[in-house]
1. Where in the range 137-200 are there helices (runs of 4 or more DSSP H), lying fully within it, with 2 or more residues that are basic (K, R)?
2. So which of L184, L160, L198 is in contact (Cβ under 8 Å) with a residue 40 or more places away in the chain and within 28 Å of N100 (Cβ to Cβ)?
3. When you scan the range 121-132, do you find a residue that is surrounded by 13 or more Cβ atoms within 10 Å (Cβ to Cβ), out of contact with any Pro (no Cβ under 8 Å at 6 or more places or on another chain) and in a strand (DSSP E or B), even just one?
4. Residues that are modelled with pLDDT of 95 or more: which helices (runs of 4 or more DSSP H) entirely in the range 26-93 hold 3 or more of them?
5. Do the conditions hold for G236, that is, is it on the phi > 0 side of the Ramachandran plot and in the same structural domain as R206 (by TED's automatic domain parsing)?
Amino acid sequence: MTVGVLYLERLGRDDLRALAEVARRAGDRAATPEHLSSDPDRLVALLADARAYAQVFGSPDNPAGLATPASPFLTFAVALHRAAAELAQRTYTAEWVGPNRRLPVFDVDVLRDFVSDPMRRLFLVELLASYTHVASGATWERTPRGWRRRRFSELDPSQLASLLDVVPESDRPGVYRRLGDLALFLTGVFPDHTANRLLSPVQRDRLVRVSGADRLAGADFDTGLGAVAFLEALGGRWYRLAATSARPPLTATMQVAASVAERFRAARRILNDVTDRYLLPRRGQLFGLN
């Protein structure tokens, strides 16, 4: 199965209409959603086209963009692929170094290498799309004093980690994977907010423990980086645990998670760049957060 087929499975009918319009503007007057469905690999090339960005995000000639808003998946796919295409021409990126602070960093090759893999690009697109609707709820835990109701939210790493105490062994890889996703989402999309977030010593100890480490050697989390440094240190470990605890053979997604585990900082920097350059004006609209 090619990566184009994977995109086709995730794009809606309106998304295909929008991309067919991009193809027509590029000179293929016969392009239709049906044609694109029969040639899914072409979708990947269209996502990186500057006309696709103008179609989804608007342009000076058409500030409103699409008459029908693109799906979150298409929005993120266009942003990610446009960023990857523009990285080929850029000599530096604005690196996040603290709340409301960015400095130019010139190791663009690291980021180019990360997004050169189409499966890693799809991984980041799916991660962003998955947080447009956040899961939350409650579980019941039996204690010596009786049953206790425990609330959880996918946006709270401490609460999400608590699921590891109650889910069956077979579900633990999925929880580890989602912990890695959350660490990457919070540090990649909302680093300013995350850096100012206070984690109690108890919460930190729990998160370090479920990462399989006794401590995080050499990590100073009382700097201005705050929880960003903390979650970046743990995110790769959680992805690694997801892959190593999953029953073989690994799914394609778990294989990519294992790859991202070794390149977590590069993944975080890509999301910082995509958010600052393309998503910032729509961040609250897309994720329902401020």
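The values are calculated or read from the model by the stated rules, or taken from the named source; none is laboratory data. Everything numeric here is computed off the predicted structure, so don't read it as measured data. Every residue, glycine among them, receives a Cβ derived from its backbone with ideal geometry; neighbour counts consider all protein chains shown.
1. So the answer is 172-189.
2. Checking each option against the conditions leaves just L184.
3. Checked against the condition, which is being surrounded by 13 or more Cβ atoms within 10 Å (Cβ to Cβ), out of contact with any Pro (no Cβ under 8 Å at 6 or more places or on another chain) and in a strand (DSSP E or B), the range 121-132 yields no hits at all.
4. Here the list reads 72-87.
5. no
Yes/no matrix, rows are residues, columns are (1) at pLDDT 95 or above; (2) over 17 Å from the mean Cα position of the chain (by Cα); (3) under 23 Å from N100 (Cβ atoms); (4) buried (at least 19 other Cβ atoms within 10 Å of the Cβ):
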{"position": "R209", "(1), (2), (3), (4)": "no, yes, no, no"}
{"position": "D214", "(1), (2), (3), (4)": "no, yes, no, no"}
{"position": "D222", "(1), (2), (3), (4)": "no, yes, yes, no"}
{"position": "G235", "(1), (2), (3), (4)": "yes, no, yes, yes"}
{"position": "T244", "(1), (2), (3), (4)": "yes, yes, no, no"}
{"position": "R247", "(1), (2), (3), (4)": "no, yes, no, no"}
{"position": "R265", "(1), (2), (3), (4)": "yes, no, yes, no"}
